[in-house]
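*Asks:* Pasting a structure below so you can have a look.
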Amino acid sequence: SVMKEVSGLEELELQLRAILNIEEVIIVAGDSDENELVKKEMGRACASRMKKAFSTDNIIAITGGSTVAAVAEMLTPTVDERNIMFFPARGGLGENVQSQANTIVAKMAEKTMGQYKLLHVPDQVSDDVYSSLVEEPAIKETLEMIQQCSMVVHGIGDAITMAKRRKTDAETIQKISDGQAVGEAFGYYFDADGNVVHKVRTIGLQLENLENVPCIIAVAGGASKAKAIAAVVKQRQGRKTILVTDEGAANELVRLK
Ligand code: BG6
């Protein structure tokens, strides 16, 4: 589009695709660290990219976070006949209500006139509770949907920021910082090379499951998330990931290269 050429964002998209070695990058103008409106624009760009990827039947796993919440706000009903089912990718990752995946799936279903399933799992579960939870019919049903998932939409966070936001215990924070984790996505903490340093033990989508998902969209921006974004998408080298980000993160990623 003309606007994009004028702002040079298309050029930046090409550069970032090469740096991150991923299939597709969509960049919106501005830096969401500095301006809340930019997060809304990432939400808009992500929502329209999701709609482009919709087929007749859609089973969509999403994570929590303020960025994915912004995506929900921008979704609209589909024009064609579409079956759309939203569900949380993983349960109990310690978010406040507005940023919880459970809240966001309900919102996405409402906006698209689709359906949703919740995943009720407490934040920290013991071994015993964990093994009986996965046998619960409602949870089992959601876990089975993961196998047929057609799309994953997830946020990315700075590792230490996310560990603190989740009120992680001191010992685990130590493990995360000793392991030099820089990025976090769906409860996995990654170092700069994309190695898993720590993983929140919860029910739902596991890293391995991503391999079978045809469409994966990561949505995260702000210069402060540049290292996190690189760490998270790095472990997916050669795999299909669509990154929706902003100019702030993109410029920083180019600078760090
Ligand atoms: C959390 C996800 O809900 O949101 C994390 O579980 C993600 O995996 C985080 O990193 C991102 O949050 P935000 O508010 O920065 O978009």
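The values are calculated or read from the model by the stated rules, or taken from the named source; none is laboratory data. Computed from a predicted structure; not experimentally measured. With ideal geometry, Cβ positions are generated from the backbone for all residues, glycine too; neighbour counts draw on all protein chains shown.
*Asks:* Which residues, counting only those in region 11-22, are assigned to a loop (DSSP other than H, G, I, E, B) and either closer than 28 Å to residue 109 by Cα or more than 17 Å from the chain's Cα centre (by Cα) (or both)?
*Replies:* The one that is assigned to a loop (DSSP other than H, G, I, E, B) and either closer than 28 Å to residue 109 by Cα or more than 17 Å from the chain's Cα centre (by Cα) (or both): 21.
*Asks:* Test each condition in (1) touching a strand residue (DSSP E or B) at 6+ places or on another chain (Cβ under 7 Å); (2) within 13 Å of the ligand (Cβ to nearest atom) for residue 247 and report the one that comes out false.
*Replies:* Here residue 247 clears every test but (2).
*Asks:* Pick from region 139-165 the residues that are of a type in the set (Gly, Ala, Ser) and either farther than 21 Å from residue 57 by Cα or within 16 Å of the ligand (Cβ to nearest atom) (or both): which of them is farthest from the chain's Cα centre (by Cα)?
*Replies:* Among those that are of a type in the set (Gly, Ala, Ser) and either farther than 21 Å from residue 57 by Cα or within 16 Å of the ligand (Cβ to nearest atom) (or both), it is 163.
*Asks:* Filtering region 91-111 down to residues that are β-branched (Val, Ile, Thr) and at pLDDT 95 or above, which residue is surrounded by the fewest Cβ atoms within 10 Å (Cβ to Cβ)?
*Replies:* Applying the filter and picking the extreme gives 103.
*Asks:* Looking at 168, 202, can you tell me which residue is in a loop (DSSP other than H, G, I, E, B), within 21 Å of residue 63 (Cα to Cα) and in contact with a Leu (Cβ under 7 Å, 6 or more places away or on another chain)?
*Replies:* 202
*Asks:* Here is a follow-up. I'm checking my understanding of the structure. Among residues of region 114-138 that are more than 22 Å from the chain's Cα centre (by Cα) and in a loop (DSSP other than H, G, I, E, B), which one is nearest to the ligand (Cβ to nearest atom)?
*Replies:* Residue satisfying both the conditions and the ranking: 125.
*Asks:* How many of the residues making up region 226-244 are within 22 Å of residue 48 (Cβ to Cβ), modelled with pLDDT of 95 or more and either touching a strand residue (DSSP E or B) at 6+ places or on another chain (Cβ under 6 Å) or among the hydroxyl-bearing types (Ser, Thr, Tyr) (or both)?
*Replies:* Matching residues across region 226-244 total 3.
*Asks:* I would also like to ask the following. Any chance region 46-62 includes a residue that's in contact (Cβ under 8 Å) with a residue 60 or more places away in the chain, assigned to a helix (DSSP H, G or I), within 14 Å of the ligand (Cβ to nearest atom) and not aromatic (Phe, Trp, Tyr)?
*Replies:* yes
*Asks:* Quick check on my filter: what residues within region 112-132 are out of contact with any Leu (no Cβ under 9 Å at 6 or more places or on another chain), surrounded by 14 or more Cβ atoms within 10 Å (Cβ to Cβ) and either within 18 Å of residue 199 (Cβ to Cβ) or at pLDDT below 85 (or both)?
*Replies:* 124, 130
*Asks:* Within region 178-190, restricting attention to residues that are away from the ligand (no atom under 13 Å from the Cβ) and closer than 25 Å to residue 125 by Cα, which residue is surrounded by the most Cβ atoms within 10 Å (Cβ to Cβ)?
*Replies:* Step by step, filter region 178-190, then rank; the result is 179.
*Asks:* Now for a separate question. Is at least one residue of region 33-43 within 17 Å of residue 243 (Cβ to Cβ), of a type in the set (Asp, Glu) and part of a helix (DSSP H, G or I)?
*Replies:* Scanning region 33-43, I find at least one residue that is within 17 Å of residue 243 (Cβ to Cβ), of a type in the set (Asp, Glu) and part of a helix (DSSP H, G or I), so the answer is yes.
*Asks:* Just the residues that are farther than 22 Å from residue 215 by Cα, among the aliphatic types (A, V, I, L, M) and touching a residue at least 60 places away in the same chain (Cβ under 8 Å), please, taken from region 89-147.
*Replies:* Passing the criteria: 93, 121, 125, 133, 134, 139.
*Asks:* A follow-up question, please. Which of (1) assigned to a helix (DSSP H, G or I); (2) within 16 Å of the ligand (Cβ to nearest atom); (3) of a type in the set (A, V, I, L, M, F, W, C) is the odd one out, the single condition residue 86 does not satisfy?
*Replies:* Status for residue 86: all satisfied but (1).
*Asks:* So which pairs qualify, if the first residue must be in region 201-230 and more than 17 Å from residue 101 (Cα to Cα) and within 13 Å of the ligand (Cβ to nearest atom), the second must be of a type in the set (S, T, N, Q) and not in a loop (DSSP other than H, G, I, E, B), the Cβ gap must be under 6 Å, and the two must be at least 6 apart or on different chains?
*Replies:* 221/245
*Asks:* Among the residues of region 1-20, write down those that are modelled with pLDDT of 90 or more and surrounded by 13 or more Cβ atoms within 10 Å (Cβ to Cβ).
*Replies:* 9, 10, 12, 13, 15, 16, 17, 19, 20
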